[in-house]
Structures are given as structure tokens and as C-alpha cells.
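Working notes, structure below.
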Amino acid sequence: MLHIENLHAQVGGKDIIKGLTLDVPAGEVHAIMGPNGAGKSTLSYVLTGRSGYEVTEGSATLDGEDLLALAPNERAAKGLFLSFQYPLEIPGVPALTFLRTALNAQRKARGEAEVSAPEFLKLVRIKAGELKIDFEMLKRPLNVGFSGGEKKRMEILQMAILSPRFLILDETDSGLDIDALKIVSEGVNAVRSPDRAMLVITHYQRLLDYIKPDRVHVLAAGRIVASGGPELALQLEAEGYDKYARAA
């Protein structure tokens with residue numbers, strides 16, 4: 001599904017990603033862990049096409065299609081989804097309006113019919129209920145005045161509505177208490193399927209107690225320096241990243 005080969009990327013002229021190679025097959029969940037400054041968030045932004053992140057070498061494909069040749073909205077229409085570490089607030093735009101506009105924009109880009117208002121409201125009520133989101137909250141401007149947990153749940157709701165094929169979760173556990181973490185993790189686990197894959201970026205093992213990865217990768221100094229099964233995350237929690245940072 002996702003194939004990254006010898007990827008190099010710069011931010012502001014500084015090399016951040018330095019020869020990263022990674023494969024995430026359909027149906028699998030891969031976790032990327034690493035110290036601050038290793039390039040974890042940079043990788044997520046490069047894949048989704050954020051401006052200011054320049055690829056200088058290498059490739060990244062989704063289902064064999066060159067991601068780097070597509071505009072950010074085209075990548076989203078192809079099924080790429082990013083859950084931000086710090087979700088943006090959009091004053092003046094109700095969450096419901098944002099969700100329906102995003103869904104129909106993607107459907108239009110894929111040549112599909114738009115979802116009617118009644119169909120959309122029915123879908124949102126079901127998905128919001130599963131995530132314990134008060135429907136009245138969806139009438140408020142997107143993320144404005146929301147707590148950290150509410151913002152993260154809103155992103156998982158976006159994911160449930162848009163039904164992407166490849167998910168990148170950038171430190172989704174950041175700022176969540178244990179109850180919110182369980183709810184968000186349940187929402188993520190609910191969309192696991194054989195034709196969908198996920199890349200979970202996190203500092204800590206605790207998220208991986210709820211979202212069980214098939215593979216764990218250590219990112220240090222802009223490249224993958226170690227890979228293993230879920231036991232690698234436990235080792236990192238116990239021993240830290242020092243030996244990997246030194247090796248990188």
C-alpha cells in the first residue's frame with residue numbers, strides 16, 4: 001500500500017529526513033517511535049503535502065501511485081488522512097459544515113455523487129454517538145473552545161466520516177487523559193480493515209496498549225534505524241532512545 005524509498009526532505013533548507021525507507025502493507029498498523037527532532041512529524045507532513053517541506057530525493061507511493069506528484073487535496077481524495085498532533089481551530093465554520101464540505105469535496109474529486117443532507121446527518125449522529133460526542137458540539141465552530149480530548153475525538157470523527165484508505169496518526173495521544181485515550185483508540189480500532197492501513201506516530205507505549213501495531217519502527221536522525229514487533233515498543237519504554245540516537 002504505502003511504499004517509501006530513500007526519502008530525503010528539507011525544511012527551511014535543513015535536512016530532516018535523510019534516506020528513509022518504509023513499507024506499510026494493506027491491513028497492517030505500523031508504529032513509528034523516536035526522540036524529539038527525529039523527523040516523525042516531518043514525515044507525516046511530507047506525505048500529506050504540507051507547504052514548506054521540500055523532498056530532495058527518493059519516492060513515496062500509495063497503491064503504486066506517486067504521492068509526491070499530487071497536490072494535498074488530491075492526496076486526500078486518494079484516501080490519505082492525517083490526524084494532527086495539534087488540531088486547527090477554524091472560527092466561523094461549524095463542525096458540521098466542515099465535515100459535510102470535506103466529505104462531498106472528496107466524493108466529487110473521485111467522481112462520486114454528493115451525500116444529501118439527511119444521509120449526512122444520519123451518518124454523523126451514528127459516528128458521533130460511538131465517540132461520545134455531543135451532537136450540539138458539532139454546531140459550534142470547528143475546535144474553537146474545545147478541550148484537547150474533544151479536538152482529538154473530532155479528528156477521529158472526521159476519519160470515520162471520510163473513511164480514508166491510509167491513516168497517519170501524529171501523536172494522537174497527546175493531551176489525552178486515560179478515558180479520552182480509550183474512546184479515541186476505540187474509534188481508531190473500529191476502522192481497521194484488510195484494505196486499510198495506518199501509520200501511528202507516538203513517543204509513548206501507552207497508545208500502543210490500545211492500538212496494537214503489527215510492526216514498530218524506530219526513527220532517529222531522519223531514518224529508520226530499527227524495526228521489530230510490538231515488543232520493540234516495550235523495550236523503548238524501558239530503555240529509551242539513547243542507543244538508537246547514538247547509532248544514527
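The values are calculated or read from the model by the stated rules, or taken from the named source; none is laboratory data. The structure displayed is predicted, hence computed values, not measured ones. Using ideal geometry, Cβ is built from the backbone for each residue, glycine included, and neighbour counts are taken over all protein chains shown.
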State which residue pairs qualify: first residue under 18 Å from residue 201 (Cα atoms) and inside segment 70-97, second residue basic (Lys, Arg) in any location, beta carbons under 6 Å apart, and separation of 6 or more residues or different chains. 87/151
Every residue in segment 200-231 that is at pLDDT 85 or above and more than 20 Å from residue 39 (Cβ to Cβ), please. 209, 210, 211, 212, 214, 229, 230, 231
Does segment 220-228 include one or more residues that are under 19 Å from residue 47 (Cβ atoms) and without any contact (Cβ under 8 Å) to a residue 24 or more places away in the chain? yes
List every residue pair whose Cβ atoms sit under 9 Å apart, with the two residues 6 or more apart in sequence or on different chains, where the first one lies in segment 120-131 and is among the charged types (D, E, K, R) and the second, anywhere, is surrounded by fewer than 17 Cβ atoms within 10 Å (Cβ to Cβ). 125/135; 130/186; 130/190
For segment 68-82, which positions are within 16 Å of residue 160 (Cβ to Cβ) and out of contact with any strand residue (DSSP E or B) (no Cβ under 7 Å at 6 or more places or on another chain)? 76
From 145, 175, 129, residue being in contact with a helix residue (DSSP H, G or I) (Cβ under 7 Å, 6 or more places away or on another chain) and either part of a helix (DSSP H, G or I) or at pLDDT below 95 (or both): 175
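Pull up segment 234-248, narrow it to residues that are of a type in the set (A, V, I, L, M) and either at pLDDT 85 or above or exposed (fewer than 14 other Cβ atoms within 10 Å of the Cβ) (or both), then point me to the one that is farthest from residue 174 (Cα to Cα).
The residue in question is 247.
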Among strands (runs of 3 or more DSSP E) entirely within segment 1-109, at least 2 residues that are surrounded by fewer than 19 Cβ atoms within 10 Å (Cβ to Cβ) occur in 2-11, 14-24, 53-62, 90-94
Residues within segment 211-233 that are surrounded by 15 or more Cβ atoms within 10 Å (Cβ to Cβ) and in contact with a helix residue (DSSP H, G or I) (Cβ under 9 Å, 6 or more places away or on another chain), tallied: 14
Just one of (1) out of contact with any Asp or Glu (no Cβ under 9 Å at 6 or more places or on another chain); (2) farther than 26 Å from residue 33 by Cβ; (3) buried (at least 19 other Cβ atoms within 10 Å of the Cβ) trips up residue 133, so point out which. (1)
Assess whether residue 188 counts as being outside any loop (DSSP other than H, G, I, E, B), at pLDDT below 90 and among the aliphatic types (A, V, I, L, M). yes
Residues located in segment 148-182, provided they are among the hydrophobic types (A, V, I, L, M, F, W, C), crowded, with 21+ Cβ neighbours inside 10 Å and over 24 Å from residue 62 (Cβ atoms): 154, 176
Report yes if residue 114 is farther than 30 Å from residue 175 by Cβ, touching a helix residue (DSSP H, G or I) at 6+ places or on another chain (Cβ under 6 Å) and among the charged types (D, E, K, R), otherwise no. yes
